[in-house]
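Contents: one structure, followed by commentary.
Derivation of every value follows stated rules applied to the coordinates shown; laboratory data play no part. Nothing here was measured: the structure is a model prediction, and the numbers come from that model. We place every Cβ from the backbone using ideal geometry, glycine too, and count neighbours over all the protein chains shown.
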Amino acid sequence: MIPYGRQEILQSDIDAVVQALRSDLITTGSLVDEFERRISEYVQCPTFTVNSGTAALHAAYYGLGLIPGDEVITPPNTFVATQATAIMLGAKIVFADIDPETGLIDVDCVEKLITNRTKAIVLVDYAGQPCDVGLFRKLIGKRKIKIVQDAAHSLGSLIHGKPIGSQADVTTFSFFATKNITTGEGGAVSTNDPDIFRKAKEFARQGIVRDPNRFQNPAPGPWYQEVHNFGLNYRLTDFQSALGISQLNKISEFKEKRKSIHQLYNQILGQRTDIKLISKNEESDPMWHLYPIFVENRDIVLTNLRNQGVMAQTNYIPAYFHPAFYQLGYMKGICPRSEDFYNREISLPIYVGLTQSEVEEICNKLFLALKNTN
Ligand SMILES: *Cc1c(COP(=O)(O)O)cnc(C)c1O
């Protein structure tokens, strides 16, 4: 069986985690700070860690001050956490359709949906290809709308030569097992806005305030702390941070490997008239997280592939297809391009440990799967 994604764990990762487990603090220790410093440096933006990409989104939205009645524009072709966490803060999701060539949220579709209640536009870096934040900044102009970048797929990607993390008002990452680097479960929030940073981080640290300058009551001693707003425990542990640091050390090699798998697939599949590939923006240098292809009779082809042991996926079921959304009154048909995209899309396996002969095997099985659709 070949999975669609898989972690790359080497002896150096194992050693780092074992060492972390032997130290005095296995959580709230110095490795958390070190990992945060390292990612901040890598993405060139102040960053704190959390224990999932979902938590990162929740904290980011909280940090923006999302409240009931606010509207948040998102594409439908993303993991449902992009929307769920905003809805849990009382926001209303407005779905904007995508560019069918790249799978990225379309700026013209967004423009038509902006109202005076729009609080944020969420850009999802589908498959690892980063959205062009500048286009959306231009669209927003002087309006007080924030840009959130769900970069769960795109840690390591560049746009206009710059890393993902510092361009949107707030950017979120995931370190789930199949993502570009992993801590098992984990995530991070990056922002250059000190106010968003403080609010979001405090929310992810149970709302605890330790800065004496901010205390509202006199402090009876150094043990004293206050809670001004309620928060959740979204902390990443030290042993996960150790894994994160060790993984981040290898991210350039990981990127090269993903790039070469992407190129190999392009070479083998590019000439086929029955397979369409995803388009790349001129300005982007993606760390490819997914390898999407588009075919007719997707359900049959995907089933055939899986029956041959290639555990390909499809990304994503449009969010509003989920029953949780039609309970809120959303109907099918809102974003026809996203629906068509989903109806044709297959994500072929791509991960650091995938070999050239496995890629060739996957392609041969794909050709067979395509042939057997009648
Ligand atoms: C993985 C993912 C998330 C959620 O991250 P978790 O770490 O699994 O909670 C959010 N958005 C997108 C686009 C993702 O791919």
Net charge within 14 Å of F321 by Cβ-Cβ distance, Lys/Arg positive one each and Asp/Glu negative one each, not counting F321 itself? -2
Cα-based helix-to-principal-axis angle, 238-248 vs the chain, degrees rounded to 10: 50 degrees
Helix 11-21 versus the longest principal axis of the chain: what angle, 0 to 90°, nearest 10, using Cα atoms? 30 degrees
R117/N233 FRET efficiency (R0 30 Å; Cβ-Cβ; nearest 0.05): 0.45
How much net charge surrounds A177 when only other residues with a Cβ under 11 Å from its Cβ are counted (Lys, Arg +1; Asp, Glu -1)? 0
For the chain, set up a GNM with springs between Cα atoms under 10 Å and report which of G53, G165, G207 has the largest fluctuation. G207
Can you list which of the GluC sites (Glu not before Pro) found in the range 243-343 are DSSP loop residues with at most 15 other C-beta atoms within 10 Å? E282, E283, E296
The chain: relative contact order from alpha carbon pairs under 8 Å, six or more residues apart, as a whole percent, is 24 percent
Specify the residue with the greatest mean-square fluctuation among P100, P68, P292, computed from a Gaussian network of the chain linking alpha-carbon atoms under 10 Å apart. P68
Globularity index of the chain, i.e. its alpha-carbon radius of gyration over 2.2 N^0.38 Å: 1.02
Counting helices only, and only those DSSP H runs with n ≥ 4, report the 222 nm mean residue ellipticity of the chain as the sum of -39,500 (n - 2.57) divided by its residues, in deg cm²/dmol to the nearest 500. -11000 deg cm²/dmol
Neighbour net charge for I14 - beta-carbon separation under 14 angstrom, K R +1, D E -1: -1
How large is Rg over Rh for the range 165-233, taking Rg from the Cα atoms and Rh as the Kirkwood inverse mean of 1/r across Cα pairs? 1.10
Write out the trypsin sites (Lys or Arg not before Pro) in the range 103-183 meeting two conditions: DSSP loop, and at most 11 other Cβ atoms within 10 Å of their Cβ. K142, R143, K144
With charges only on Cβ, +1 for K and R and -1 for D and E, what is the dipole size of the range 251-371 about its Cα centre, in debye, rounded to 20? 200 debye
Acute angle (nearest 10 degrees) that the helix 298-307 long axis makes with the longest principal axis of the chain, alpha-carbon atoms: 90 degrees
Rounded Å value of the spacing that divides the Cα centres of the range 29-48 and the range 134-169: 19 Å
